[in-house]
Amino acid sequence: MATMKNKIPCSADRLGLLDPQMIKAVVEISAFQIGHQYLSENRVRIVEADDAQISSAVIGNSGLYEQTIRLKDGHLISKCSCTLPEEPICRHCIAVLLEYHRWSQPRQSRKSKDTPRDVKATTQPEPQSNGNGAPTMGQSSSADVKLSEVMVFVEWLQPAIKAIEQAQSMPLPPPIAPGEVSNWIQTIRNLEDRRRDSEEVQLKLESDMRDREAYVARLSQQLQASTAEAKTAQATSQALQQELATYKVALSKVAELSGEVSRYDGQLKSMAQDFSSKGNQLDRLAGSCKQVAEALNAITKQTAPR
Ligand SMILES: [Zn+2]
C-alpha cells in the first residue's frame, strides 16, 4: 500500500477547529472540490476520532482508502492509502476533515448552549463501546429519531444488505450519535455477527463429520486387512490338520509293524527253546554213544591176539 505522508504547519489545537475556509486556503482547489463532493455524497466513514486524531475510510472512485490524520506539535500530519499526487493533502483527507468539522460543529454549539462548561471538555468526543468493540463517537443525548439520521441509515442499509447477501463484510457504520438510529444499525450488525458465528459452527460440524467419515473408512480398511489375515490363518490351520492326519496314518502303520515284530519274536523264542531241548536229547544220545564205544573197546582188548 502506497502511503502518502504530509505535514502542514497548523496553528489550531483541535482538529474540530479546522473549518472549510481554512482547509480550502491551503490545499489544491480541484482536490478541495472533489473532497467536498465526496462529503456531500456521504462517502466518508469516520472509524474513530478525537480532537487530536482521526481514523477514517473514504469510498473513492476506485475503491476504499484509509486515512489517519493527526494534530501533533503544531503540525497537521496526514496519511492516506491512495497514491494521488495531490499536495499537501489528498481529496480523501480533505473530505475527512470537512466531515469531522461538520460533525463536531453543531454538537459544540448545542453543548455550549446547554451547559456552559469548559469548551475543551465538551468538544472532546468520548469514544464509547457499542458492544462491538468499536467505539462510537459522541454522547447519548435524546432518544429522538432525526430524519437526517434515518436518511443516513437508509443509505447505509443498501450496501449493508448487499454485503449480507454476498457474504462480505458489512460497511462501516455511518458517523451518527448514539441513539435510536445507531441502535438499529448495531442490531443489524449484531444479527450479522450472530449469523457468521452460526456459519462457523456449521463449518466446524461439517469438518468434524468429515474427520469421522475418514476414521470409519480407516477402521473398515483395518477390518478388511484383519479378515484377510484371518483367512490366511484358517488356510494354514487346515494344511496343518491334513499333515497331522497323514502322521496319524503313518503312526498306526508303525504300531501294526511293531505288533508283527513282537509276534516274530515269540516264534523265534519258541524255536530257540525247541533247539535247546533237542540239544539236550543230542547230549544224552552222545553220552549213550560214548558208553557203547567204551564197551566195544573193552571187548576188543579182551579178544585181541596175544
Ligand atoms: Zn487519499
From the list Ile8, Ile29, Ile34, Ile23, pick out the single residue that is within 11 Å of the ligand (Cβ to nearest atom) and among the hydrophobic types (A, V, I, L, M, F, W, C).
-> Ile34
Do we have any residue at all in segment 38-52 that's of a type outside the set (Phe, Trp, Tyr) and more than 26 Å from Val150 (Cα to Cα)?
-> yes
If the Cβ limit is 9 Å and pairs must be 6+ apart or interchain, which residue in segment 77-90 that is of a type in the set (A, V, I, L, M) pairs with which residue that is near the ligand (Cβ under 6 Å from one of its atoms) and open to solvent by less than 30 Å² (accessible area, probe 1.4 Å)?
-> Leu84/Cys90; Leu84/His92; Ile89/Cys80
Test for Glu87: is it acidic (Asp, Glu) and more than 11 Å from the ligand (Cβ to nearest atom) | yes
Tell me, which strands (runs of 3 or more DSSP E) wholly within segment 42-83 include 3 or more residues that are under 41 Å from the mean Cα position of the chain (by Cα) and of a type in the set (Val, Ile, Thr)?
-> 44-49, 53-60
When you look at Arg70, is it open to solvent by less than 50 Å² (accessible area, probe 1.4 Å), basic (Lys, Arg) and away from the ligand (no atom under 12 Å from the Cβ), yes or no?
-> no
Residue count, segment 13-52, condition surrounded by fewer than 17 Cβ atoms within 10 Å (Cβ to Cβ) and either of a type in the set (Gly, Ala, Ser) or touching a Ser or Thr at 6+ places or on another chain (Cβ under 7 Å) (or both), comes to 6
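The values are calculated or read from the model by the stated rules, or taken from the named source; none is laboratory data. Just so it is clear, the model here is predicted, and its values are computed rather than measured. When we count neighbours, we look across all protein chains shown, and the Cβ atoms used for this are built from the backbone with ideal geometry, even at glycine. Ligands, DNA and RNA are stripped out before the accessible areas are found, and what is left, the full protein with its side chains, is counted by its heavy atoms. Shrake-Rupley method; radii C 1.70, N 1.55, O 1.52, S 1.80 Å.
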